[in-house]
Amino acid sequence: MSAATFAREHGIGYTTFCGWRHRQAQSQPSPAFVEVEVSAPAAVVELWLEVGAHARLCLTSEEQLKLAARLLHHVEALSAC
């Protein structure tokens with residue numbers, strides 16, 4: 001794929017794209033264009049947790065789930081005191 005085609009397909013002005021490539025080439029050697037396979041985005045899943053009467057958490061990623069688990073462990077430890 002040419003640089004012009006790439007820029008057009010991604011809604012980037014060709015001269016803007018060339019400017020970015022030029023600045024990148026000056027700062028460090030850059031790899032050539034390579035073909036990549038992009039998988040379809042995963043469906044967004046929401047998990048709602050109600051904590052007590054006044055707190056609700058909406059979790060939408062695995063990282064948020066990990067943080068929520070840590071938060072709940074801390075809350076549980078504090079309530080045991």
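Sort PHE6, PHE17, PHE33 from largest to smallest accessible area, using a 1.4 Å probe on the heavy atoms of the protein chains.
Heavy-atom accessible area, descending, gives PHE33, PHE6, PHE17.
Could you estimate the translational diffusion coefficient of the chain from the Stokes-Einstein equation, with Rh from the Kirkwood formula over C-alpha pairs, at 25 °C and 0.890 mPa s, in whole µm²/s?
In µm²/s, the coefficient is 139.
Any idea what angle helix 62-80 forms with the longest principal axis of the chain, computed on alpha-carbon atoms, 0 to 90 degrees, nearest 10?
20
Which angle between 0 and 90 degrees, to the nearest 10, do you get for helix 14-27 versus the longest principal axis of the chain when only C-alpha atoms count?
Helix 14-27 sits at roughly 80 degrees to that axis.
With every protein chain left in place, what is the accessible area of TRP20 in Å² (1.4 Å probe, nearest 10)?
120
If I compute solvent accessible area with a 1.4 Å probe over the protein chains, what percent of it on the chain is carbon and sulfur?
59
Along the charge dipole of the stretch 1-52, which of MET1, GLY19, PHE33 sits closest to the positive end, that is, farthest toward it, with unit charges on the beta carbon of Lys, Arg, Asp and Glu (+1, +1, -1, -1)?
GLY19
Given a Förster distance of 30 Å, report the FRET efficiency between ARG21 and GLU63 from their Cβ-Cβ distance, rounded to the nearest 0.05.
On the way: r = 32 Å, r/R0 = 1.08.
According to the calculation, E is roughly 0.40.
Any idea how far apart ARG70 and ALA43 come out in nm if each label point goes 7 Å out from Cα toward Cβ?
3.0
Check each of the GluC sites (Glu not before Pro) in the stretch 1-56 and keep only those in coil by DSSP with at most 12 other C-beta atoms within 10 angstrom; list them in order.
GLU35, GLU37, GLU46
With an 8 Å cut-off on Cα pairs and a minimum separation of 6 or more residues, tell me the relative contact order of the stretch 39-81 in percent.
Working: 22 pairs, mean separation 10.4, N = 43.
In percent, rounded to a whole number, it is 24.
The values are calculated or read from the model by the stated rules, or taken from the named source; none is laboratory data. Computed from a predicted model, the values in this text were never measured in an experiment. Every residue, glycine as well, gets a Cβ built from its backbone with ideal geometry; the counts of neighbours run over all protein chains shown. Accessible surface areas use protein heavy atoms only, side chains included; no ligands, DNA or RNA. Shrake-Rupley method; radii C 1.70, N 1.55, O 1.52, S 1.80 Å.
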